[in-house]
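Presented below is the structure to which this report refers.
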Amino acid sequence: MGMQLTIRKRLLRLREARKVSQEDLSKEMGMNNRQSLAEFESGNRAIQPQELLAAARFFGVAHSYFTDPLELAGEASFSWRKSSQCEVSAINAFEQKAGKWIATYRYLGKLMNASVNSSLTQIDIRKDSTFEEAYLEGSNVANALELGDVPAHKLLSVLNEKLDILILHTDAVQGISGAACKLGPLNTIMINRNEVLVRRNFDLAHEFFHLLTWERMQPEHIEDSNPSKKAKVEQLADAFASGLLMPESSILKYIQVKGMPQKDNPIWIKEAAAHFKVSGQAMKWRLKSLGYFSPLEANKIDDSACKTELPDEKPNFLSDAFVRRLGWAIENGEMSVRKVADILQITIDDLESLFSSYQLIAPFDL
């Protein structure tokens, strides 16, 4: 029953995505009439092996596309942020790889009876909302999650542990900064671990916004991060991220200690940015949003003069939660070492190093 349900969902989703009629597909599958396919899609008929093979040939996919639990098979929705130089084909190829990881995490979670938080609160920001409303909502969320005076310090752990969001640090192709993914109740954020710390922090907050507003305004599959090409939803995400990482209350506390920001003193901006673990440019525009600088004054401040250079250590590949789940699979015979390495597209030696990077003993001998 379970496998028939999986096949039914995936075949229906693929038929609708390719805009193929029931009548045309039923003929290709060798069924007597359209009604036979309709009965299968409604759960009142089982599909025969030869019919499924015919469907796979027709759509040009492997037979396993309809049955493999480690395939997403169009079930997930992704939103990628890319630079103008990054090719769409490169993103699509990386999405296939990342999709395997997310599908694997879901599959192993079901085997482990691990629950997934499906009640991520949606915030009331819409396409017609103002940037001021997005800034304010970011600050409100930071306070609600008790992120403290420097939210960047706690954001990742709170999203992972409190909200059960899967956060994966990846070696994305050059030009991809981050992505959000919705797979039923499973929410995932992917961050390019090769980006600098301040960029990773901002990307994490930006993608969090998309998860919080997905139902009201689902982001585009691929968004260009070039400021001149940003859609309104992406600009709102940036404003929310600024408010989240630099809440007005925290800025005011900082000013009480350090004094008022001055438009002719980029060092103040640089030091404030370092304190909040954001870029100097992000701090400058956040201060503008709070009325400390006019747009003209902000534009005159040289970004290079307030650029932050913080001590940084590249995060480990993927995440602790993900690697622990892989370890459980190997220890309990649910996956072979070779299968896990193939899913991650790394060598077995690298897999051992991955476990070691999280201070875990690899559940296999080389």
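Structural remarks
- At q = 0.18, 0.25, 0.27 Å⁻¹, base-10 log of I(q)/I(0) for region 248-306 (Debye sum, equal scatterers on each alpha carbon): -0.51, -1.04, -1.23
- Residues L197, L37, sorted so that the one with the fewest Cβ neighbours within 10 Å comes first: L197, L37
- All Cα-Cα distances of region 30-127, cut into 10 Å bins from zero to the largest, leave 11, 28, 30, 24, 7, 0 percent in each bin in turn.
- Considering only beta bridges that DSSP places wholly inside the chain, some 60 percent are antiparallel.
- Charge tally in the Cβ shell below 15 Å around C306, where Lys, Arg are +1 and Asp, Glu are -1, C306 excluded: +3
- Legend: calculated FRET efficiency, S83 to S157, from the Cβ-Cβ distance at R0 = 41 Å, rounded to 0.05, equals 0.90.
- Which label in [x] 43, 25, 17; [y] 42, 27, 22; [z] 52, 25, 16 gives the computed semi-axes √(5λ) of the Cα gyration tensor in Å: [x]
- Residues H169, H153, H210, arranged from fewest to most other Cβ atoms within 10 angstrom of their Cβ, appear as H153, H169, H210.
- Label-to-label distance, nm, for residues given as K97 and L53 (7 Å Cα→Cβ offset): 3.4 nm
- Candidates S242, S77, S21, ranked by Gaussian network fluctuation over the chain, Cα under 10 Å, top entry: S21
- Nearest-ten-degree value, helix 248-258 long axis tilted from longest Cα axis of the chain: 40 degrees
- In this label model, N265 and R34 are separated by 7.5 nm, measuring between points 7 Å along each Cα→Cβ vector.
- Cut-off of 10 Å, at most 14 other beta carbons, DSSP loop: longest stretch of the chain lacking such trypsin sites (Lys or Arg not before Pro): 217-366
- Least to most buried among E41, E132, E71 (fewest other Cβ within 10 Å first): E132, E41, E71
- For region 2-66, the C-alpha radius of gyration divided by 2.2 N^0.38 Å, with N the number of residues, is 0.96.
None of the figures in this text is laboratory data; all of them are computed from the coordinates on show. Please read these numbers as outputs of a predicted model, since none were measured by experiment. Note that we place each Cβ from the backbone using ideal geometry, even for glycine, and neighbour counts take in every protein chain shown.
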